[in-house]
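Notes follow once the structure below has been shown.
Since every read-out is calculated from the coordinates, none of them should be taken as a lab result. These numbers come from a predicted model, not from an experiment. Here the Cβ positions follow ideal geometry from the backbone for every residue, glycine too, while neighbour counts run over all protein chains shown.
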Amino acid sequence: MDKKATLTLADGKSLDFPVLTGTIGPEVIDIRTLYGKSGMFTYDPGFLSTASCNSSITYIDGDAGVLLYRGYPIEQLAKHCDFLETCYLLLNGELPNASQKGEFVSTVTRHTMVHDQLTRFFTGFRRDAHPMAVLVGVVGALSAFYHDSLDINNPEHRKISAFRLIAKLPTIVAMAYKYNTGQPFVYPRNDLSYSANFMRMMFAVPAEEYKVNDVLVRALDRILILHADHEQNASTSTVRLSGSSGANPFACIAAGIACLWGPAHGGANEAALNMLEEIGDASKIPEFIKQVKDKNSGAKLMGFGHRVYKNYDPRAKLMRETCYEVLNELGLENDRLFKLAMALEKVALEDDYFVSRKLYPNVDFYSGIVQRALGIPVSMFTCIFSLARTVGWIAQWNEMISDPEQKIGRPRQLYKGAARREVQPIDKR
Ligand code: ACO
């Protein structure tokens, strides 16, 4: 044992555990043998100090505000790469060269259509169903359509499933939107880029030609890049845990979507936008900040603070830049909510309450404003997040399946219920 950590128990007995070192980031105490050696478990609800796996995909340094995909800073990827290059990187570990990219794009493009019978699933939902409810159901149903790629122990099957998920999610998300609005489904067009095709499937109608706007397409592509992966967050851990039982990839991604739906995870950009609407005017900022600082009010500055980032979320900076570009393109430089958001950010970043608690804007502070400007309704925000995160989920799932140390996920518990007792006859209870 090179490096070790020693645990001394109440009876004076000492136990040694190996200390594992990653490429970067905190060292990890390997406690897998703790129960065998001591008969005790560790207690860590919410995984505050527990690494659930080893991974080579994404690295976050929350104190420094750094996010790396396969070692590459998110700022460089957002500037120099498109979403499908980022997908290739997350799945394969390296950025593609021109011919690898061409082949990858062509394969994704040829999987964008969904089985025609799948379109009938939508009509089983009420028109006013939340699009996330539809998405969970339809993505789960994919496993009933693509039987030929469900052998999780076959790397080729895993690869085909990854392509199918990345390619079909835009089609399904756009169909969920069209169903909700009562407009006909728009089929994919393979001569368009991934993001342009998605925007067309969302916003085109048969009555007129849809014009692709490159600035808006680039903005959407950037949203997808920024949300593509974020190491072992709640939905990714859900995908890994579901997959650890051997469940098929479509079922696992549906589980991830269900987890992402929660307001503490994927729903924060919607909450940030609603908060800005409620504040309404810059003159109300001091009053709102006072309310947020009052613990009894229950109010929070939505889009601020993060469990991991104790510095500016690097994605928030990029999102603010995109916000400028999109609003300029649309002639909305004076957008009320964007101006309000910037004023609010300035006040908060100069206020000791936020400074001392290291509360900075997170990606959700500006992403709602960008999506709203693109014409995406609030109810679709988490679907867009799901679409972007699918590649991260599938890369993490694949990594887990290929890991020789992988076991079914089975946490233990600290039992606090009744001790053993006897069932009494009903007249004596
Ligand atoms: N507004 C006001 N005060 C805040 C905020 C906020 N947004 N966030 C944290 N605080 C305060 C807490 O009240 C606490 O104060 P205290 O020490 O005086 O009690 C302190 O800062 C530490 O906060 P915690 O709640 O312990 O931090 P935690 O890591 O558990 O929470 C979270 C992180 C959930 C993101 C929180 O900051 C929050 O609720 N933010 C608003 C919602 C949001 O934007 N979520 C999106 C996250 S990004 C994503 O999911 C893609």
(request) List, in the order given, every pair from 295/416; 159/211; 37/407 whose Cα-Cα distance in the structure shown is over 25 Å. (result) 295/416; 159/211
(message) Ignoring GluC sites (Glu not before Pro) that are buried or in helix or strand per DSSP, and keeping those with at most 13 other beta carbon atoms within 10 Å, what is the longest stretch of the chain between them?
(response) 210-332
(request) Give me the net charge of residue 115's neighbourhood, meaning all other residues with Cβ under 11 Å from the Cβ of residue 115; Lys, Arg count +1, Asp, Glu -1. (result) +2
(request) Tabulate in residue order the Karplus-calculated ³J(HN,Hα) for segment 411-417, using 6.51 cos²θ - 1.76 cosθ + 1.60 with θ = phi - 60°, rounded to whole Hz; enter x for Gly and Pro. (result) x, 9, 9, 9, 6, 10, x
(message) Translational diffusion coefficient of the chain at 4 °C, 1.567 mPa s, Stokes-Einstein with Kirkwood Rh over Cα pairs, in µm²/s as a whole number.
(response) 55 µm²/s
(request) Taking H placed 1.01 Å from N in the peptide plane, check which residues at least 5 places from residue 304 or on another chain put their amide H under 5 Å from its amide H. (result) 362
(request) With θ set to phi - 60°, apply the Karplus curve 6.51 cos²θ - 1.76 cosθ + 1.60 along segment 42-56 and write out the HN-Hα couplings as whole Hz, x wherever there is a Gly or Pro. (result) 9, 10, 8, x, x, 6, 5, 10, 10, 8, 8, 6, 9, 8, 10
(request) Determine which lysines satisfy two conditions relative to residue 346: a Cα distance under 20 Å, and not lying fewer than 8 residues away in the same chain. (result) 284, 290, 293, 300, 310, 317, 358
(request) Rounded to the nearest Å, what's the spacing between the alpha carbon centres of segment 91-128 and segment 244-266? Just the number, please. (result) 18 Å
(message) Taking the Cα centre as origin and putting +1 on Lys and Arg beta-carbons and -1 on Asp and Glu beta-carbons, what dipole magnitude results for the chain, to the nearest 20 debye?
(response) 1320 debye
(message) For a test of the definition: using alpha carbon positions, the gyration tensor, and the 1.5 limit on a/c, classify segment 128-217 as rounded, prolate or oblate.
(response) oblate
